[in-house]
Amino acid sequence: MQAQVQISGSSQSQPGWSGTFRGYDPGPFYCEMLRSAERSAAIAQVAGRLDALPLATLRARAGDAETELYNLGITFTVYSDKDAIDRILPFDLIPRILTRGDWATIEQGVIQRVQTLNLFLHDIYHDQKCIKDGIIPADLVLGNANYRKEMQGLDLPFGTYVHVNGTDLVRGRDGTMMVLEDNARSPSGVSYVVENRHLMLRAFADLMENVPIMKVSDYGQRLHERLSEVASPAIDEPQVVLLSPGVFNSAYFEHVFLAREMGVPLVEGRDLFVDDDRVFMKTIAGPMPVDVIYRRINDDFIDPEAFNPDSMLGVRGLMRAYAKGNVQLANAPGTGVADDKAIYAYVPRLVRYYLDQDAILPNVETLICREKPALQQVVDRLGEMVVKPVGESGGYGITIGPKASKAELDDQRAKLLADPANFIAQPMIDLSVSPTLTEDGIEPRHVDLRPFAVTGKSTWVLPGGLSRVALRKGSLVVNSSQGGGSKDTWVLREDMA
């Protein structure tokens, strides 16, 4: 059965659905499955297959997938929840499908964005032309908590500071993909992208039959290739390691996963040492030189000699070895400047400044509260705005104006006036939705997308990325720590009209 799609104004209906999807109504929100099915026979075919499956079958397969996640130990940690430390990331079996045309725009836009961030980082740690030319305020860069003076003047291979990047994208009511946030320090979640695909291949092979989906299973190989590229060219087979804070870290499962996928050692700070400005790994066969460290430890903790002297997680002398070019760090220290929420607002200007191009993926409109006219506008329209602290992540500290109580708005207003530089604000975006299996059947839930890009000499983007879904009805917060889940993201190799 092939579904037939009709679009009328801003609402979408699916009169061809007579099974499980009967009654599904995304309302005024952009629904990718309905909109894309107009342009792709493959997506319409998948929609028809899903509609033909009984709801009981979908629930049974979802239960099997959840059990498998538990058995495989695919979990994350919520430190703020004393009652539920280790959790699985809820997984929705109904895939999100992107046409080849949509993906081409996303891919090109992400590559352009990563290139700009790397040029910006090289500039601020060298000549600082973007500051001298008035493109970005000096205090936003030099006064940024993530700015590392230790990086000043260091030349990195290929000018690559951001080796691994996650770009958070949202889709508005008109279907335009926009950048919501950059993650240039230590973006997480790629393990779920690959494991979600493995789950779908086991649980839903019949749904995927003859659908031309781009693979995601080679991420580890691609990452290893890009990391090896930044090692000294004199080394034939660079030794790459993944440096983790250890088993109690919230993303430890991902650290194990990535080390396995790349085929490299997973180490902690105590497994490494520096001698004569070279980094070595302790092994039963004796010290082994290390050439590239993919570190999943924050700047403050990587070297107690250079940063936090109380750190027990890093390697003493690591920055000395790094400064001499004897080891490469991914991502480079100091990249946090590039994904600061206040810097984010300037990225489209930086694209034009460095590349003489318009941004392929536009920003969500952003007001910088440190600027008085913007602050006044935010205060006047607080009930309509989404206000975010610039130093937080994971969905914490956000005030969603239209959903906030009077007390919450009063509290946010007081914080804004007390420390305006700590906040940005954005208008409420009608996030796109995707069909999702809920207790009440198939219903629309809001989604975002985090494509992952890896960069050495050049940039490769994993086809698809992490689609996060706000499982709570009406919620716009997709973060796993705030009750969100994930979907498998399919990118079609070709658009079958």
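The values are calculated or read from the model by the stated rules, or taken from the named source; none is laboratory data. Because the structure is predicted, anything quoted here is derived from the model rather than measured. We place every Cβ from the backbone using ideal geometry, glycine too, and count neighbours over all the protein chains shown. Calculation scope for accessible area: heavy atoms of the full protein, side chains included, ligands and nucleic acids excluded. Shrake-Rupley method; radii C 1.70, N 1.55, O 1.52, S 1.80 Å.
Observations on the structure shown:
- Per-residue packing, averaged as other Cβ atoms within 10 Å, sorts the ranges 283-290, 360-367 into the order 360-367, 283-290, beginning with the highest.
- Charge dipole (Cα centre; +1 on Lys/Arg Cβ, -1 on Asp/Glu Cβ; no other charges) of the chain amounts to roughly 480 debye.
- Once mean projected area of the Cα convex hull in nm² is calculated for the structure shown, the corresponding label among (1) 26.2; (2) 22.5; (3) 24.5 turns out to be (3).
- Of the peptides 318-324, 380-386, 117-123, the ranking by mean beta-carbon count within 10 Å, highest at the top, reads 117-123, 318-324, 380-386.
- Shown are SER311, SER217, whose ranking by accessible area with a 1.4 Å probe and every protein chain present, most to least, is SER217, SER311.
- Relative contact order [Cα under 8 Å, 6+ residues apart], the chain, whole percent: 23 percent
- Note on the chain: with neighbouring protein chains present and a 1.4 Å probe, carbon and sulfur make up 49 percent of its accessible heavy-atom surface.
- Calculated diffusion of region 324-385, Stokes-Einstein form, Kirkwood radius summed over Cα pairs, 20 °C and 1.002 mPa s, µm²/s: 149 µm²/s
- On the beta carbon distance between ALA52 and GLU365, with R0 = 51 Å, the FRET formula returns roughly 0.75.
- Based on the Kirkwood approach, the hydrodynamic radius assigned to region 269-421 is 19.0 Å, with every pair of different Cα atoms included.
- Legend: translational diffusion of region 163-240 by Stokes-Einstein, Rh = Kirkwood radius over C-alpha pairs, 10 °C, 1.306 mPa s; D = 101 µm²/s.
- Taking every DSSP bridge with both residues inside the chain, close to 75 percent are antiparallel.
- Point-to-point label distance, LYS215-ASP155, nm (Cα→Cβ direction, 7 Å offset): 3.9 nm
- With DNA, RNA and ligands ignored, accessible area of PHE280 (1.4 Å probe; Å², nearest 10): 40 Å²
- Solvent-accessible heavy-atom area per residue, rounded to whole Å², over the chain at 1.4 Å: 41 Å²
- Structure-based [θ]222 nm, the chain - -39500 (n - 2.57) summed over DSSP H runs of at least 4, per residue, nearest 500: -9000 deg cm²/dmol
- Between the alpha-carbon centres of region 441-479 and region 237-309 there is a gap of 28 Å.
- Computed extension gain for ALA145 through LYS406, at 0.36 nm per residue and net of the alpha carbon distance, reaches 90.8 nm.
- From most to least packed by mean Cβ count within 10 Å, the peptides 176-182, 417-423 give 176-182, 417-423.
- Pairwise label distance in nanometres, VAL247 with GLN377, each label 7 Å out on the Cα-Cβ vector: 5.2 nm
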